[in-house]
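Derivation of every value follows stated rules applied to the coordinates shown; laboratory data play no part. Since this is a predicted model, take the numbers as computed values, not measurements. Virtual Cβ from ideal backbone geometry, glycine too; neighbours counted across all protein chains shown.
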Amino acid sequence: MYNNSKGFTLVEMLVVLLIISVLLILTIPNVVKHNTFVDEKGCEAYMELVQSQVQLYKLDTGEYPSDLTSLEEEDYINSTSCPDNRSLSLVDGRVDIE
């Protein structure tokens, strides 16, 4: 007699697991590679934001701040470092990554 049971066979489940594993193996290295790119672009964007805050400080006070910590103390910026923990510096009114 023919057994008409419903469900997946072991072979079908192994094929699905193999396909999912191959997809994960292909996508995970690609995602990790893009994380460093995002960190670099995030730091550049934050540096531009801090530069605009330096210009705003100059408009408010008439002179450039002596350093970035004075901007932080006066609530112009939240941090003197990028999201990826690289430090920013201020030289002659220009913000750079150290």
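For the chain, averaging the sequence separation of C-alpha pairs within contact (under 8 Å, six or more residues apart) and dividing by the residue count gives a relative contact order of 22 percent. Rounded to the nearest 500, the 222 nm mean residue ellipticity of the chain from helices alone is -21500 deg cm²/dmol, with -39,500 (n - 2.57) taken per DSSP H run of at least 4 residues.
Placing unit charges on the Cβ atoms only, positive for Lys and Arg and negative for Asp and Glu, gives the chain a dipole magnitude near 1020 debye about its Cα centre. The angle between the Cα long axis of helix 10-61 and the main principal axis of the chain comes to about 10°, on a 0 to 90 degree scale.
When the charge dipole of the chain is built from unit charges on Cβ atoms (+1 for Lys and Arg, -1 for Asp and Glu) and taken about the Cα centre, the candidate among Leu23, Leu68, Val95 whose Cα reaches farthest toward its positive end is Leu23.
The charge dipole of region 1-53, taken about its Cα centre with unit charges on the Cβ of Lys, Arg, Asp and Glu (plus for the first two, minus for the last two), comes to roughly 340 debye. With one equal scatterer per alpha carbon and no solvent term, the Debye-computed log10 I(q)/I(0) for the chain at 0.16, 0.20, 0.22, 0.25 1/Å reads -0.74, -0.94, -1.05, -1.21. Cβ crowding within 10 Å, taken as a proxy for footprinting-reagent exposure, orders Met13, Met47 from fewest neighbours to most as Met13, Met47.
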